[in-house]
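Got a structure for you, written out below as structure tokens; questions coming shortly.
The numbers here are math on the coordinates, done by the rules we state, and not lab data. What you see is a predicted model; the values in this text were computed from it and never measured. Glycine also receives a Cβ, built like all others from the backbone with ideal geometry; neighbour counts cover every protein chain displayed.
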Amino acid sequence: FVIAFIQYLSIACALLAVIWYYSFIGGGFFFIVGFAACLFMAYIFISMHFYVPLMQVTLNLNLRKIYKNALYFTIIGMFKNILLIIIAAALVILLAVLFIFGISSEASSVVISLTVTFVLICLFSLWYYLVSCFAYPSIQKYVIDPYYAEQSNNGEDNADAEESESTAESESGYFDNG
């Protein structure tokens with residue numbers, strides 16, 4: 001609930017700021033800079049939320065670390081995120097055209113209901129599938145794989161320590177059977 005609240009609040013604030021600065025864009029250089037800064041922040045917030053839900057269900061992190069890592073992933077995967085936003089815009093435009101065509105044509109009610117179903121179900125399903133396919137490899141590469149590599153190194157260190165202890169015990173003639 002908290003993550004969804006933060007997500008929608010940040011996107012709403014960024015959207016309102018973009019609209020406000022856009023309305024005053026003819027007012028001078030500072031409004032143009034403000035508009036560009038708001039667009040950049042909107043991009044950052046939108047891109048961060050590509051990673052937040054995946055980290056929420058995959059990793060055992062607190063909220064602060066989730067958002068910190070999401071910001072890092074947004075910066076690391078900037079070009080993938082921009083590509084994903086372009087794909088999302090293309091999907092929305094394509095599905096809007098299909099929706100308008102399905103409703104405006106003199107098609108049967110079956111075609112209209114299939115179009116509405118496709119738009120409502122497939123848009124969200126395809127969107128989250130694309131986000132997962134684009135975002136999860138970065139999370140795996142930079143968080144999950146290093147964690148397991150560290151765990152396996154710690155496991156080898158523990159195994160080496162246990163082996164050296166058993167060797168020392170066998171050399172001393174003392175065996176701990178307890």
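How far, in nm, would the chain grow between Leu63 and Ala12 when pulled straight, counting 0.36 nm per residue and subtracting the alpha carbon separation? Please list the in-between numbers first.
Details: separation 51, 0.36 × 51 = 18.36 nm, distance 2.00 nm.
Fully extending the segment from Leu63 to Ala12 adds 16.4 nm.
A further question on this structure: Under a point spin-label approximation (7 Å from Cα along Cα-to-Cβ), what is the Val92-Ser109 distance to one decimal in nm?
Going from the Val92 label point to the Ser109 one covers 3.2 nm.
Among rounded, prolate and oblate, which fits the range 1-132 when a ≥ b ≥ c are the square roots of the eigenvalues of its C-alpha gyration tensor, a/c under 1.5 means rounded, and a/b larger than b/c means prolate? Don't skip to the answer; put the middle values down first.
Values: a/c = 2.42, a/b = 1.29, b/c = 1.87.
In terms of gyration-tensor shape, oblate.
Could I ask something else about it? Amide H neighbours of Leu61 under 5 Å, counting only residues 5+ apart in sequence or on other chains, H built in-plane at 1.01 Å?
For Leu61, whose amide H was placed from the backbone, there are no distant partners under 5 Å.
Pull out the extension gain between Ile100 and Gln140, defined as 0.36 nm times the separation in residues minus the alpha carbon to alpha carbon distance; nm, one decimal. Intermediate values should be presented prior to the final figure.
Working: separation 40, 0.36 × 40 = 14.40 nm, distance 3.98 nm.
Here the answer is 10.4 nm.
Here's something else I'd like to know. Figure the gain on full extension for Thr117 and Tyr43 (residue separation times 0.36 nm, minus the Cα-Cα span) and round it to one decimal in nm.
23.7 nm
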